[in-house]
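Only one structure is covered here, and it is reproduced in the block below.
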Amino acid sequence: METFLIRALQLILSLSLLVIVHEGGHFFFARLFKIRVEKFYIFFDPWFSLFKYKPKNSDTEYGVGWLPLGGYCKISGMIDESMDTEQMKQPAQPWEFRSKPAWQRLLVMIGGVLMNFLLALFIYSMILFTWGDSYVALKDMTYGMKFNETAKEIGFRDGDILKSADGKELVKFDMDMLRSIVEAREVTVLRDGKDVEILMPELSLLDVAKEDPLFVATFRPNVVDSVIPGGGFAQAGIQKGDSLIAFNGTPITSWNEFMDEMSKLEVQAELDKKESAGFSLVYSRNGLRDTVNVTTDSQFKVNALGGLLDYKATNLTYGFFESFPAGITLGVNTLKGYVNDMKYVFTKEGAKSVGGFGTIGSIFPKVWDWQRFWEMTAFLSIILAFMNILPIPALDGGHVLFLLYEIIARRKPSDKFLEYAQMVGMFLLFGLLIWANFNDILRFVF
């Protein structure tokens, strides 16, 4: 319950900030061009609001709605989610959106997307300024990587050190690295001191990312690093420095393989409705082998750590002004990666992977971590900016599309057309929202 509340609080705080900034972008340009803003709300307020306030001599009512599905700026003289068609039947007033030149209306509509993107760049810059960047470079992972059967069929071998994909250097172990490998035609690895070229087949990042064991993971030696007293390993006599040789008769050469076998054991024990599980383990100590029986605890753990590596870390620090170009680069690369991955949404598996508030909330850490919180907020700001600029009616991108048509064709779409387009767009968006959260429910239940 505590974990749920921490994640929920982070999600609400993050979305509130993003909504304020997004709607603030619309508000800024509207007021810049002397367009009246009737309402500025965080979250939606059908029937009633949690809070509202209208300053004296102000045309704008500020408030907080009860439905946390976004927020809105009600701008005079435009067809938006408020569907205030009665106002549009009245003669146009000089302070209304519809009375302004198309270029001003265009800036008002892209204001939200622009502010979200700028916010992401600023957050990324401040993350780098505050915490810097620390990682182990792939070239310094001297034990190389551990690959699953799919990767081995392609030509990878355990212990390969990843160097480049289509000639572009692979720097660190992250999703960008995996994306580069999957989309490459040729990957170069260092094997036994020599460069080896591996020709890549057609792969789907979505399929590869879901594989278990992972397509590629950091290789972890099959050496026990520490044993907790009273745990399964300690009771069986396993000690620090022992090398694991076989698990229930299956040879293992890395801690990765040991953890894979443990996962299989846990799944089978849960199917058999057992509260713990036992297995035989062959280990080596000072060149001598022995076999012991190990029993897990109620969480299917043996209370030991292994395969730890003392790699040299690359630590980057940034001054205040240095952080901005680095933050911009990080933000742009994040946007490129997200846009690139959008193609998977239109596949059968991609549609199943679409998630709602539960999925979004799960990306936040179980304990409060400001660095992780800001990283996730910046990422969500990128997503919000991109999704809103899509040319779908009811989104900012739909309004932009119709404004571009007006600028090019020198004629406005009719109010009736815009009204119907807004209704269709809202129907599609609510359908997507229902589908995404339905997927979350299915994942929770099954």
(message) Tell me yes or no: at least one residue of the range 50-57 is under 28 Å from the mean Cα position of the chain (by Cα) and open to solvent by less than 60 Å² (accessible area, probe 1.4 Å).
(response) no
(message) Just to check your reading of the model, which residue among SER134, SER226 is loosely packed, with under 15 Cβ neighbours inside 10 Å, within 22 Å of LYS312 (Cβ to Cβ) and under 25 Å from the mean Cα position of the chain (by Cα)?
(response) SER134
(message) Quick check on the range 249-258: of everything there that is part of a loop (DSSP other than H, G, I, E, B) and open to solvent by 60 Å² or more (accessible area, probe 1.4 Å), which residue is farthest from VAL182 (Cα to Cα)?
(response) GLY249
(request) Please work out which residue is least open to solvent (accessible area, probe 1.4 Å), limiting yourself to the range 1-10 and to residues that are of a type outside the set (Ser, Thr, Tyr) and touching a residue at least 40 places away in the same chain (Cβ under 8 Å). (result) GLN10
(request) Within the range 354-375, track down each residue that is surrounded by fewer than 16 Cβ atoms within 10 Å (Cβ to Cβ) and modelled with pLDDT under 65. (result) VAL354
(request) Consider only pairs whose beta carbons are under 7 Å apart and that are at least six residues apart or on different chains; among these, list those whose first residue lies in the range 307-319 and is over 14 Å from TYR135 (Cβ atoms) and whose second residue is open to solvent by 60 Å² or more (accessible area, probe 1.4 Å) and of a type outside the set (Gly, Ala, Ser). (result) GLY307/ARG220; TYR318/PHE129
(request) Please enumerate the residues belonging to the range 229-248 that are under 25 Å from MET141 (Cα atoms), open to solvent by 30 Å² or more (accessible area, probe 1.4 Å) and not in a strand (DSSP E or B). (result) LYS240, GLY241
(message) Within the range 312-348, take every residue that is modelled with pLDDT under 90 and aromatic (Phe, Trp, Tyr) and give me the one that is farthest from the chain's Cα centre (by Cα).
(response) PHE346
(message) If LEU13 meets every condition in (1) out of contact with any strand residue (DSSP E or B) (no Cβ under 6 Å at 6 or more places or on another chain); (2) buried (at least 20 other Cβ atoms within 10 Å of the Cβ); (3) more than 17 Å from ASN388 (Cβ to Cβ); (4) of a type in the set (A, V, I, L, M, F, W, C) apart from one, which number is that one?
(response) (2)
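So, in the range 24-42, of the ones that are assigned to a helix (DSSP H, G or I) and open to solvent by less than 20 Å² (accessible area, probe 1.4 Å), which residue ends up farthest from GLN104 (Cα to Cα)? Quick ask: steps written out before the conclusion?
Step one: of the range 24-42, the residues assigned to a helix (DSSP H, G or I) are 24-32.
Then keep just the ones that are open to solvent by less than 20 Å² (accessible area, probe 1.4 Å); that gives 25-26, 30.
Numbers: GLY25: 13, HIS26: 11, ALA30: 8 Å.
This residue is GLY25.
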(request) Please name all residue pairs, on different chains or six or more residues apart, with Cβ atoms under 9 Å, provided the first residue is in the range 284-300 and is farther than 23 Å from PRO221 by Cβ and the second residue is of a type in the set (A, V, I, L, M) and surrounded by 11 or more Cβ atoms within 10 Å (Cβ to Cβ). (result) ASN293/ALA236; ASN293/LEU281; THR295/ALA236; THR295/ALA277; THR295/VAL302
(request) State the number of residues belonging to the range 201-223 that are surrounded by 19 or more Cβ atoms within 10 Å (Cβ to Cβ) and of a type in the set (D, E, K, R). (result) 1
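Among the candidates TYR72, TYR124, single out the residue that is surrounded by 18 or more Cβ atoms within 10 Å (Cβ to Cβ), under 30 Å from ILE382 (Cβ atoms) and modelled with pLDDT under 90. Don't jump to the end; show me each part of the working.
Values: TYR124 fails: modelled with pLDDT under 90.
When all the criteria are applied, what remains is TYR72.
Just checking, which of THR150, THR218, THR188 is without any contact (Cβ under 8 Å) to a residue 40 or more places away in the chain and either over 30 Å from SER381 (Cβ atoms) or among the β-branched types (Val, Ile, Thr) (or both)? First the steps, then the outcome.
Values: THR150 fails: without any contact (Cβ under 8 Å) to a residue 40 or more places away in the chain; THR218 fails: without any contact (Cβ under 8 Å) to a residue 40 or more places away in the chain.
From the options THR150, THR218, THR188, the qualifying one is THR188.
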(request) Test TYR143 against the criterion of being more than 22 Å from the chain's Cα centre (by Cα) and either surrounded by fewer than 21 Cβ atoms within 10 Å (Cβ to Cβ) or over 22 Å from GLU23 (Cβ atoms) (or both), and give yes or no. (result) yes
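The values are calculated or read from the model by the stated rules, or taken from the named source; none is laboratory data. Treat the numbers as computed from the prediction; the structure is a model and nothing was measured. Positions of Cβ are generated from backbone atoms using ideal geometry, with glycine treated the same way; all protein chains shown enter the neighbour counts. With ligands, DNA and RNA removed, areas are computed over all heavy atoms of the protein, side chains included. Shrake-Rupley method; radii C 1.70, N 1.55, O 1.52, S 1.80 Å.
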